[in-house]
Amino acid sequence: MAQAQSIDDALASKGSIAAFWKLVDPENKYPYSSAIDVWYRLSLNEQRKLYLYLLYRKWRGLDVYGEPYYVIMNCHPVPFNWNGTARCEELIKEHKVLIAKYNGSWGFYTKDEVALYGLEIKTI
C-alpha cells in the first residue's frame, strides 16, 4: 500500500508521462499521441497532483476513469481526507500523514498532499 518511492522520484525516474500512463493505461490500449501534448501543457505541480490523486484512487480500489486524454482533460484532483478510512491507521503508523486543513476542514492528509496543495498544518 505504501508509496515505494517519492512522487518526484516516480515522475522523474520513468518520465512523467510514463508514470502517469502506467497508472491509467497499464495495458497500453491507447496511443501516447492522444494525450502527450495535453500532459506536457500541465505545470509540474499539476502533473504531480493528478498523478497522486489517481494513485490514491487506486489505493482505495476506485477506477481512474479510462482513456488518458479524457483523464487529463476532465479530472480535477483534490486532496483526500484519510480520516475514518481503513488505511488511515496504517498511514499514521508509517508517519505519512499530517493533520491539515483543506477547504476549511481539518483532516488527515498525506505529506505529499500537504506539500502539493500548500495545506495548513495543525501544530500540537
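The values are calculated or read from the model by the stated rules, or taken from the named source; none is laboratory data. Remember, it's a predicted structure, so these values are computed and weren't measured experimentally. Please note: Cβ atoms are built from the backbone with ideal geometry, for glycine as well, and neighbour counts cover all protein chains shown.
For the stretch 77-90, filtering for residues that are at pLDDT below 95 and not in a helix (DSSP H, G or I) leaves 2. Within the stretch 1-47, restricting attention to residues that are modelled with pLDDT of 70 or more and hydroxyl-bearing (Ser, Thr, Tyr), the residue that is nearest to HIS76 (Cα to Cα) is SER43. Among the residues of the stretch 79-95, those identified as surrounded by fewer than 17 Cβ atoms within 10 Å (Cβ to Cβ) and either touching a strand residue (DSSP E or B) at 6+ places or on another chain (Cβ under 8 Å) or of a type in the set (Gly, Ala, Ser) (or both) are ASN83, GLY84, ALA86, CYS88, ILE92. Of all residues in the stretch 53-72, those that are surrounded by 18 or more Cβ atoms within 10 Å (Cβ to Cβ) have Cβ atoms under 6 Å from Cβ atoms of residues that are among the small types (Gly, Ala, Ser), 6 or more apart or on another chain, in PRO68/ALA35; TYR69/SER34; TYR69/ALA35; ILE72/ALA35.
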